[in-house]
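Step one of this worksheet: look at the structure below.
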Amino acid sequence: LNEFILKAIAQGLHKQKIKTLLINAGWNEKFIERYVDEFYRLNAGAIIRLRRKRHKQIEKGIFQLIDEIKEELKHPSIEKHYPVKIGKKKKKEITKTKKAPKINKHKADEKSLIFIERINKLIDHIDEELEKLKKF
């Protein structure tokens with residue numbers, strides 16, 4: 001039971017969610033309420049360290065994604081489509097409203113389309129990671 005609770009905390013679940021999972025799995029409700037509360041009281045330091053570690057991992061992942069996007073934006077085919085530096089708000093608007101360019105017979109256009117799709121995926125992934133951070 002201790003191991004399950006620690007793994008659940010490491011995955012980012014909160015106390016009430018852990019209790020709900022255990023009760024739904026068939027554990028006695030009163031026992032779980034007391035046990036989880038006591039577990040949190042006795043292991044407060046370890047729980048805080050686990051959450052900080054997870055938060056740092058998520059944060060590190062976001063910064064790596066941002067670096068990848070910066071590298072993608074430096075690619076010459078992207079500069080062809082976006083020759084002017086674009087602010088954060090404009091970039092967000094463009095990625096949401098801009099349709100993918102039509103594929104011509106030129107290989108350069110196909111490559112740029114691939115890079116634009118990859119950038120859009122990275123931006124979506126960053127948005128997901130930021131949502132996870134907001135939950136903490």
Looking at region 49-70 only, could you name the residues that are among the polar types (S, T, N, Q) and more than 30 Å from residue 115 (Cβ to Cβ)? none
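Mind checking whether some residue in region 96-108 is modelled with pLDDT of 90 or more and either in contact with a strand residue (DSSP E or B) (Cβ under 9 Å, 6 or more places away or on another chain) or part of a helix (DSSP H, G or I) (or both)?
Pass one, region 96-108, residues modelled with pLDDT of 90 or more: none.
No, region 96-108 has no match at all.
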Could you please tell me which pairs satisfy a Cβ distance under 7 Å, a separation of 6+ or placement on different chains, a first residue in region 59-71 that is in the same structural domain as residue 124 (by TED's automatic domain parsing) and within 17 Å of residue 124 (Cβ to Cβ), and a second residue that is charged (D, E, K, R) and surrounded by 10 or more Cβ atoms within 10 Å (Cβ to Cβ)? 61/129; 62/129
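Somewhere in region 34-55, is a residue among the acidic types (Asp, Glu), closer than 21 Å to residue 6 by Cα and modelled with pLDDT of 75 or more? Before you say what the answer is, go through the steps one by one.
Going residue by residue through region 34-55, those that are among the acidic types (Asp, Glu) are 37-38.
This time we only want the ones that are closer than 21 Å to residue 6 by Cα, so: 37-38.
If we keep only those that are modelled with pLDDT of 75 or more as well, we get 37-38.
Within region 34-55, one or more residues are among the acidic types (Asp, Glu), closer than 21 Å to residue 6 by Cα and modelled with pLDDT of 75 or more.
Among the residues of region 9-18, write down those that are farther than 16 Å from residue 57 by Cβ and free of Cβ contacts under 8 Å to residues at least 24 places away in the same chain. Step through it out loud before you land on a result.
Residues of region 9-18 that are farther than 16 Å from residue 57 by Cβ, as a first pass: 14-18.
14, 16, 17, 18, listed by residue number.
Among the helices (runs of 4 or more DSSP H) confined wholly to region 1-52, which include 1 or more residues that are acidic (Asp, Glu), exposed (fewer than 13 other Cβ atoms within 10 Å of the Cβ) and out of contact with any Cys (no Cβ under 7 Å at 6 or more places or on another chain)? Give the steps one after another, and end with the answer.
Working: elements: 2-10, 15-24, 29-42.
Ranges flagged: 2-10, 29-42.
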Residue pairs, Cβ under 8 Å, 6 or more apart or interchain, first in region 105-121 and assigned by TED's automatic domain parsing to the domain that holds residue 69, second modelled with pLDDT of 70 or more. List them. 119/69
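The values are calculated or read from the model by the stated rules, or taken from the named source; none is laboratory data. For clarity, every value in this text was computed on a predicted model and none was experimentally measured. Virtual Cβ from ideal backbone geometry, glycine too; neighbours counted across all protein chains shown.
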